Structure formats: C-alpha cells, structure tokens
C-alpha cells in the first residue's frame, strides 16, 4: 500500500500569525509530498516492505534492506513526522494543556511551564535540521528527545506525542534565523485534544 500525503486538516492560513500561510503551503505541498514520493519509489524495489505501515517500517528500520534503508529512514521518517506535526497543531490552539496529558506533564516535569522550557531548549539547541519531541514509552513514561534530520522516535520504539520541526523550511520565510522566536510562537498552535488522543493510544 503506497503512502499518501494526508490532507492538511485546516487552511494554510489557519495558524497565522504564528506560522504563515506560504510556509504552511510549501511545507505541506512540497516538502511532505516529496517525502511520500521518495519513500514510495524506494519501496517499489522491495514490495514486501511496502505492505507495512510507516510505523512498522520505522520500528524495524534495521530489517529494511541496505539498499533502501537510508532512503526509508529519511523519507518514511519525514512522512511519519509530518503526519503527526499537522495534527497536533490547529487554529485556536495553545494555552494550558488539559486532561491526562496535563497530569503527566506535571508529574514528569513539574508543570507545563517547566515542560515548555525543556522542550524549547531541546528545539533551539538541536544542531542543524531536526526535531524536538515529547515521547512516551510503552508504560506511558514521558521524556523529551531531540532527533536529527527526519529520524523518528518510532525507531527507538517510542511513541511521539508532539514535536516541533526545526528544519529551516518550517520557519525561515517568517522568522529567518530566529529559531527561538518560531518555537515560542509554535506553542500557541498546540491542539491539546489531539495530543491527549495520541497519549491515550499509548495506553490502549
């Protein structure tokens, strides 16, 4: 089953003024689309792996044939990362978390403000391109982890709950080299209902 580019669940300008419409359009329609195209092309060489979900591919990245492993790591990783990224943001987002995730952030980090500070530090401090993620292990224990390029928490058998993309294509049109300003603004887009749903899946 070929991967497909998911439809953006809101308009390109829905996250203004935090993320501009042109960045959203290019990011989704060009960058994410390229990851899907490249992953599908690689999997044509090994159709038995094309039957796996993107999560299964990344969980078993070391089982992917050598000749396509790097392409899958980069492009299936990019597809997985972005598919989550679009859904954990939304118009009218931000503010304090609610539900089970709020309790978990308090128990793990001491509160939402402390969590924000640690995630911001991981995101701004990520050298070059990459992501900063809030992840959960199979017992629901939370941690903040930075990943280079399009590496995915799935490769460490962790469930990504929310993540900020710090590739320059995610923010450069509006923020230029001001990555810290972008990350600060990005917190205002968080869709806590969607994040709670992802966290709930860890316990299913």
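The values are calculated or read from the model by the stated rules, or taken from the named source; none is laboratory data. As the structure is a computational prediction, the values presented were derived from the model and not from experiment. Don't worry about glycine lacking a Cβ; one is built from the backbone with ideal geometry, like all the others, and counts go over all protein chains shown.
Things worth noting here:
- Number of the condition not met by residue 18 [criteria: (1) closer than 16 Å to residue 78 by Cα; (2) in contact (Cβ under 8 Å) with a residue 60 or more places away in the chain; (3) not in a helix (DSSP H, G or I)]: (1)
- Summed over region 139-155, the residues that are surrounded by fewer than 18 Cβ atoms within 10 Å (Cβ to Cβ), out of contact with any helix residue (DSSP H, G or I) (no Cβ under 7 Å at 6 or more places or on another chain) and either modelled with pLDDT of 95 or more or within 23 Å of residue 79 (Cβ to Cβ) (or both) give a count of 2.
- Total residues in region 25-39, condition over 19 Å from residue 74 (Cβ atoms) and touching a helix residue (DSSP H, G or I) at 6+ places or on another chain (Cβ under 9 Å): 0
- With respect to the conditions (1) in contact with a strand residue (DSSP E or B) (Cβ under 8 Å, 6 or more places away or on another chain); (2) closer than 28 Å to residue 58 by Cβ; (3) not assigned by TED's automatic domain parsing to the domain that holds residue 155, residue 79 falls short on a single one, namely (1).
- Any hit, region 39-56, residues being surrounded by 15 or more Cβ atoms within 10 Å (Cβ to Cβ), outside any helix (DSSP H, G or I), in contact (Cβ under 8 Å) with a residue 12 or more places away in the chain and at negative phi: no
- Residues in region 103-113 that are over 21 Å from residue 153 (Cβ atoms) and either exposed (fewer than 14 other Cβ atoms within 10 Å of the Cβ) or outside the structural domain of residue 188 (by TED's automatic domain parsing) (or both) were compared, and the one that is farthest from the chain's Cα centre (by Cα) is 110.
- Among residues that are surrounded by fewer than 20 Cβ atoms within 10 Å (Cβ to Cβ), more than 18 Å from the chain's Cα centre (by Cα) and not assigned by TED's automatic domain parsing to the domain that holds residue 138, residue 31 is not included.
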